[in-house]
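The values are calculated or read from the model by the stated rules, or taken from the named source; none is laboratory data. Just so it is clear, the model here is predicted, and its values are computed rather than measured. Neighbour counts are summed over all protein chains in view; Cβ atoms, including those assigned to glycine, are modelled from backbone coordinates with ideal geometry. Only protein heavy atoms, including side chains, enter the accessible area calculation; ligands, DNA and RNA are left aside. Shrake-Rupley method; radii C 1.70, N 1.55, O 1.52, S 1.80 Å.
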Amino acid sequence: MKIEILYPELCTLYGDKGNMQYLKLCLPDAEFVETTLNAKPLFLTEDIDLVYMCSMSEKSQEVILSRLLPLKEEIFRAFDAEKTVFFFVGNALELLGKYIKREDGSKVEALAYLNSYSVRQTPNRFNTLMKAKFDDITLLGYTSRFSHTFGIPEQESFCKVEMGTGMNPKSVFEGIRKGKILATYMLGPILVANPDFTHYLLRMLGADMEKIPYEDAMRDAYNQKMKEFEKPDLELS
């Protein structure tokens, strides 16, 4: 199994590198490759099982898009082939839409694989705890971002939010699930915070296992967090 981590020198926020650090424990025999900014993504030329990209600064979004846009058609073919799982966390998902609207009203061209767009509101940061339903799995986490995303239809959303806010303040739906693309604003790190979702991802990769590393401790933490989320006086933001 081969897993590609995109742009680790720029995608460094919120501790979400921890998702791949944990996945390395789950898949000790897998090959993990880090693709840096000026290198062509391996998934365009090789068989890759999973591609991961996590949160970055707004400036880094624009730098990364300058590298990806010339490869747009190749990237679309990889998405449409549905041979590789793409897992994007935090504002990495905004790269898939038509554009990102800056604070001054100008627009950053994005990949336009989806008919969505994102709107920045810097310096106003949007923070909220999140409890959401992904199929029959209850996800727990939080979001911290400067943007909201619009235009993702319900049938292409990642999860339905039960506590907190979705892709934007008017939506209860959050993230993207289309083909083998999984993308969410939810931070955590989501794999460490949600053992059932980790099992789901491993099944997608054909690497199902009865028990994942440190599962008992992860479930204890998850159950304690669930109790905290159920408090009537919980402040979400």
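Here are the numbers for this structure:
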item: Residue within region 36-54 that is out of contact with any helix residue (DSSP H, G or I) (no Cβ under 7 Å at 6 or more places or on another chain), hydroxyl-bearing (Ser, Thr, Tyr), open to solvent by 20 Å² or more (accessible area, probe 1.4 Å) and over 28 Å from ARG145 (Cα atoms) present; result: yes
item: Filter result (within 18 Å of ASN19 (Cα to Cα), of a type in the set (Asp, Glu) and either touching a Gly at 6+ places or on another chain (Cβ under 8 Å) or at pLDDT 95 or above (or both)) within region 182-237; result: ASP196, GLU215, ASP216
item: Selection within region 88-127 - hydroxyl-bearing (Ser, Thr, Tyr) and within 28 Å of GLU74 (Cα to Cα); result: TYR99, SER106, TYR113, SER116, TYR117, SER118
item: Count of region 86-116 residues which are surrounded by 19 or more Cβ atoms within 10 Å (Cβ to Cβ) and within 30 Å of ARG203 (Cα to Cα); result: 15
item: Hits in region 52-109 (condition: of a type in the set (Val, Ile, Thr) and over 21 Å from ASN19 (Cα atoms)); result: VAL63, ILE75, ILE100, VAL108
item: Given (1) surrounded by fewer than 16 Cβ atoms within 10 Å (Cβ to Cβ); (2) in a helix (DSSP H, G or I), index of the condition GLY206 fails; result: (2)
item: Residue in region 70-84 that is touching a Pro at 6+ places or on another chain (Cβ under 8 Å), assigned to a helix (DSSP H, G or I), open to solvent by 10 Å² or more (accessible area, probe 1.4 Å) and not small (Gly, Ala, Ser) present; result: yes
item: Residue match in region 55-67 (condition: within 30 Å of ALA217 (Cα to Cα) and crowded, with 19+ Cβ neighbours inside 10 Å); result: yes
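The rows are residues; the columns are (1) open to solvent by 30 Å² or more (accessible area, probe 1.4 Å); (2) over 28 Å from PHE146 (Cβ atoms).
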| site | (1), (2) |
| --- | --- |
| MET163 | yes, no |
| GLY166 | no, no |
| PHE197 | no, no |
| GLU230 | yes, yes |
